[in-house]
1. Name the single residue, out of those in region 417-443 being surrounded by fewer than 22 Cβ atoms within 10 Å (Cβ to Cβ) and in a helix (DSSP H, G or I), that is nearest to the chain's Cα centre (by Cα).
2. For the structure I just gave you, tell me whether Ala464 is under 23 Å from Arg509 (Cβ atoms), touching a Cys at 6+ places or on another chain (Cβ under 8 Å), among the aliphatic types (A, V, I, L, M) and touching a residue at least 40 places away in the same chain (Cβ under 8 Å).
3. Which members of region 607-633 meet the condition of being farther than 21 Å from Leu433 by Cα and open to solvent by 50 Å² or more (accessible area, probe 1.4 Å)?
4. Of the residues Ala343, Ala355, only one is touching a Leu at 6+ places or on another chain (Cβ under 9 Å), surrounded by 20 or more Cβ atoms within 10 Å (Cβ to Cβ) and not hydroxyl-bearing (Ser, Thr, Tyr); which?
5. Does region 375-384 contain at least one residue that is farther than 25 Å from Leu422 by Cβ, among the polar types (S, T, N, Q), modelled with pLDDT of 95 or more and assigned to a helix (DSSP H, G or I)?
6. Considering each of Gly394, Gly361 in turn, give the residue that is under 26 Å from Asn442 (Cα atoms) and either in contact (Cβ under 8 Å) with a residue 60 or more places away in the chain or in a loop (DSSP other than H, G, I, E, B) (or both).
7. Suppose we keep only residues that are aliphatic (A, V, I, L, M) and in a helix (DSSP H, G or I) within region 502-530. Which one would you say is farthest from Val483 (Cα to Cα)?
Amino acid sequence: MAILTGELPSEAAPYNPRMYELLKTIDDPAQLRSLERRLLAQCADELRAFVLESVSKTGGHLSSNLGTVELTLALHYVFDTPEDRIVWDVGHQTYPHKILTGRREAMPRLRMIDGISGFPRRAESKYDTFGTAHSSTSISAALGMAVAAKAKGEKRRCIAVIGDGAMSAGMAYEAMNNAGAMDVDLLVILNDNEMSISPPVGALTNYLARLLSGRIYSSARRASEHLLKRVGVWELARRAEEHVKGMVTPSTLFEEFGFNYIGPIDGHDLDALVPTLTNIKKLKGPQFLHVITRKGQGYKLAEDDPIAYHGPGKFNPAEGLPKASTARPTYSQIFGQWLCDMAARDSRLVAVTPAMREGSGMVEYSERFPERYFDVGIAEQHAVTFAAGLACEGMKPVVAIYSTFLQRGYDQLIHDVAIQKLPVLFALDRGGLVGGDGATHNGAFDFAYLRTVPNLTVMAPSDAAECRQMLTTGLQLDSPAAVRYPRGAALGEAGSELVPLPVGKGEIRRRGRRVAIVAFGAMLKPALEAGEALDATVANMRFVKPLDLDLVKQLAETHHLIVSVEEHQVMGGAGSAVCEALAGLGLEKRVLLLGLPDRFIDHGDPAKLLASLGLDAEGLRASIANAMAGMPD
């Protein structure tokens, strides 16, 4: 297997065909299956080089995709895709899959507007059998497909490829518990690239995996089961078999769910993968294959630091990632610094994250306060209720979580936190549009799903300083609170103060006439620019809940038109809260609601997407000017 370290083709061309003599002949898996098996290793080297070259030019997920090259090849080589269904959990490791299924030439526009997604999408390809981007859904989806195939009398295999990180979520175990009780042909592949409990991988374990996946072993096992049950000693024999297998394989936990456990095998060894998958293809019932892979495989820089190369921007593969930027700190970094500052002041503060330490800006905190840092894995529901338990005992838990991921913990937010009025602070990252990850990761719904919950305070900072102030405010409340901030660089200077804001109070940032723009969060900046062009009043509302009713009333009584602006879908959002407030105050006022439309927003550059939706300064100005037509002076 080639190690990629040298120079790659220039950025001018999407790829260099001379480097990919074999790969360029494969536009669908049928062509891959026509290859002699001895050529798969060359194909793997070319595919890995192509992934590295592509991602270095577009940005995207790298480490995970370098780690699934051989597994992807083996699956498409052994199984009759798309007739056989493959569901990729999370889906950020599917670039090799996309390249092998007719999208090689589309990779230069990966994650761009009108380009292909960084995740599987049913609308994009018949080989993308299920759309994924959040974790731990694959086993449930593949099981549903397997049950449907059985009901329709169709002979096909359904395969779920799930990572060890995704196995920390309860949904995966709910699905396995259900699958083990069903008589369907389902294969679950555990792509294990971090679990320290895994034994060394080598010739012995590969041999055992092939043996345990073979039909001779399976037939002998069934025959022995039938005989031993008749003489009443089957349970003793079963336990003995588990003991013997347990000496050379990991825990038989998965067999307790009703799966036939096979593995572990080297996920980069095609001579282990292909025959093992070929044997499994012949077996009936639920099968579980444990595969060991390495993130960043084949590119030494990514192997050494898979986290840094998890989702890099553009870079030169020969040099590696550029040095840390001196650009403005992100909102995530502002949160991380606030967390450290506040923890030094308040010993009751504890921080909880569902496997988002780096993304949420918590690395420094985790190193300085390890006894008060809790990464609970990809388990958002557990994270919320765990924090509720901490709050019951007088701690001040801060849950650092992405807006789109808190959707998974919504029942716990209501039932376990809000009903009991527990002081849990939610640091809600990635509010609004997030860019390349697209619809599955956009924080478009949090105002709507949070502001309807009693006892909950909801804040949206317009700049770095307000972010710190709001976090401080939320931590000091004796009730649950959420501070919702966007991805990317924060505006202004954060400062070092830990001063709270008056709850439920906004501010007028510009005084004008006829039109009052009420802006929420990051939309204040373009609102101020539009307000300057239109001579409009602009208010920074700060709080989505409780809304500043006095300010809304004042603006409504002194202006002809109220315009709400938010980077959130209009339906149910902060603008809806303004309309409800006006109705409650008995004020009939013309209102223009500007925000995200009632559709899922695709991937692409956030600034370009906002402009296309009319949510940049010029778009706001044009929409408001149009609404002002015919208004009295």
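1. Thr440
2. Criteria not met by Ala464.
3. Answer for region 607-633, where residues must be farther than 21 Å from Leu433 by Cα and open to solvent by 50 Å² or more (accessible area, probe 1.4 Å): Asn626, Ala629, Gly630, Pro632, Asp633.
4. Ala343
5. No: region 375-384 contains no residue that is farther than 25 Å from Leu422 by Cβ, among the polar types (S, T, N, Q), modelled with pLDDT of 95 or more and assigned to a helix (DSSP H, G or I).
6. Testing whether each residue is under 26 Å from Asn442 (Cα atoms) and either in contact (Cβ under 8 Å) with a residue 60 or more places away in the chain or in a loop (DSSP other than H, G, I, E, B) (or both) leaves just Gly361.
7. Ala530
So that you can scan it fast, the table gives a plain yes or no per residue for (1) out of contact with any Asp or Glu (no Cβ under 8 Å at 6 or more places or on another chain); (2) in a strand (DSSP E or B); (3) at pLDDT 95 or above:
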{"residue": "Leu73", "(1), (2), (3)": "yes, no, yes"}
{"residue": "Tyr77", "(1), (2), (3)": "yes, no, yes"}
{"residue": "Pro108", "(1), (2), (3)": "yes, no, yes"}
{"residue": "Phe119", "(1), (2), (3)": "no, no, yes"}
{"residue": "Glu124", "(1), (2), (3)": "yes, no, yes"}
{"residue": "Ala142", "(1), (2), (3)": "yes, no, yes"}
{"residue": "Met145", "(1), (2), (3)": "yes, no, yes"}
{"residue": "Met167", "(1), (2), (3)": "yes, no, no"}
{"residue": "Tyr173", "(1), (2), (3)": "yes, no, no"}
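The values are calculated or read from the model by the stated rules, or taken from the named source; none is laboratory data. Everything numeric in this text was worked out from a predicted model, so none of it was measured. With ideal geometry, Cβ positions are generated from the backbone for all residues, glycine too; neighbour counts draw on all protein chains shown. The accessibility values were calculated without ligands, DNA or RNA, using every heavy atom of the protein model including side chains. Shrake-Rupley method; radii C 1.70, N 1.55, O 1.52, S 1.80 Å.
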